[in-house]
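Peer 1: Please read through the structure below; I'll follow up with questions.
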Amino acid sequence: MERLSTASTSVPTPPKPNNNYFRFHLQHLHLAPLFGDDWFALKAEAFARFFGTPFFLVGQTIIVAIWIGINALGLTKFDVYPFILLNLAFSLQAAYAAPLILLAQTRQADRDKAHADADARHREDLAMASDQRLTLAQQNTEQLMELMQQNTQLTELTKQLSERIEKLTIEMHDKILREESKT
């Protein structure tokens, strides 16, 4: 009789998943506030963000229309045509707005790059985990195939033994009948 080897029952366990979904973004938290964490930085960021809102554009348009209307109709004479004071106000606004907006865009580009880096590392981590799962599945498939082969061998051995038992039973039965017939 051929002795069957036992299949290895040790199944490698997959690595524990890290449920901190933002672990790749943690090193970039310093980029969250646009100009830093102090009072001025927060106010500067709010100011830069305010320039692109519809509220600012509509409000500025209304103020400019009132300014020009009051001075053009002659209700007051503090900034007569060609509205030099209004031009000076626009120049001052542009002088502060442009650097703030450029700083905001630069920091946003840095933040986008950091997030893209973190996302790429996350995708790599997912790919490695997927590869590990595929390797584990391959190992499990190989073990199952080995177990199926052993099961087939055991089934064949059982069939052979059953046939042998049946043959021996028939021989015994015939022998007993012959002995009874002699007596």
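Coordinate-derived values only; no laboratory data. None of these values were measured; they are calculated from a predicted model. Cβ coordinates were reconstructed from backbone atoms using ideal geometry, including for glycine residues, and neighbour counts include every protein chain displayed.
Peer 1: Given the criteria out of contact with any Cys (no Cβ under 9 Å at 6 or more places or on another chain), within 30 Å of PHE51 (Cα to Cα) and in a helix (DSSP H, G or I), does ASN71 qualify?
Peer 2: yes
Peer 1: In the range 55-99, what residues are at positive phi and surrounded by fewer than 11 Cβ atoms within 10 Å (Cβ to Cβ)? Walk me through how you get there before you give the answer.
Peer 2: Of the residues in the range 55-99, the ones at positive phi are 74, 83.
Across the range 55-99, the qualifying residue is only GLY74.
Peer 1: Taking the criterion of being under 20 Å from LYS43 (Cβ atoms) and out of contact with any His (no Cβ under 7 Å at 6 or more places or on another chain), would at least one residue in the range 123-134 satisfy it?
Peer 2: no
Peer 1: Any residue at all in the range 149-163 that's touching a residue at least 24 places away in the same chain (Cβ under 8 Å) and basic (Lys, Arg)?
Peer 2: Within the range 149-163, not a single residue is touching a residue at least 24 places away in the same chain (Cβ under 8 Å) and basic (Lys, Arg).
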